[in-house]
Amino acid sequence: MNQQIIRDLEMESMKPEIADFNVGDNVRVHIRITEGKRERIQIFEGLVIKRQGGGIQERFTVRKLSYGIGVEKTFPLHSPMIEKIEVVRTGKVRRARLFYIRDRVGKSAKVKQKITRRTK
């Protein structure tokens, strides 16, 4: 009985409109940031190197290079702080976690792009 109540509360808090993305994709995450009384949207764009958890607790990690330094942020997928997630590029990878990207520099740090065929 208590588990059903918890499950119902989790379903109410989950976002229905989440972009379909996976590990290896380049995404643009729009984050709602509050500074004092003002609120603004900040964009964090990078490569998804990890996606873990499930349900309301699902989270993903995005990595980008900022002035030559690698920056990683982990976002809760169903957080109210996330405005939207845009998929910029889909990547072709054969791993669930792309931690090896941390040690790579230059062209070897790139992920091949998945070519999708459009049907009419």
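Tallying residues that are over 16 Å from VAL111 (Cβ atoms) and surrounded by 10 or more Cβ atoms within 10 Å (Cβ to Cβ) within segment 29-45 yields 9.
I'd like to check something: does segment 11-22 contain any residue that is surrounded by fewer than 11 Cβ atoms within 10 Å (Cβ to Cβ) and assigned to a strand (DSSP E or B)? For segment 11-22, residues surrounded by fewer than 11 Cβ atoms within 10 Å (Cβ to Cβ) and assigned to a strand (DSSP E or B): absent. Applying a threshold of 6 Å to beta carbon distances and a minimum spacing of six or more residues, or different chains, the list of pairs starting in segment 37-64 at a residue that is assigned to a loop (DSSP other than H, G, I, E, B) and ending at one that is surrounded by fewer than 16 Cβ atoms within 10 Å (Cβ to Cβ) reads GLY53/ARG59.
Scanning segment 46-80 for residues that are surrounded by 12 or more Cβ atoms within 10 Å (Cβ to Cβ) and under 14 Å from the mean Cα position of the chain (by Cα) yields a count of 22. Could you tell me whether ARG28 is in contact with a Phe, Trp or Tyr (Cβ under 9 Å, 6 or more places away or on another chain) and touching a residue at least 60 places away in the same chain (Cβ under 8 Å)? Yes; evaluated as a whole, the condition is true for this residue.
Only the coordinates and a few stated rules stand behind these numbers; no lab work does. These numbers were taken from a predicted model, which means no experiment stands behind them. Positions of Cβ are generated from backbone atoms using ideal geometry, with glycine treated the same way; all protein chains shown enter the neighbour counts.
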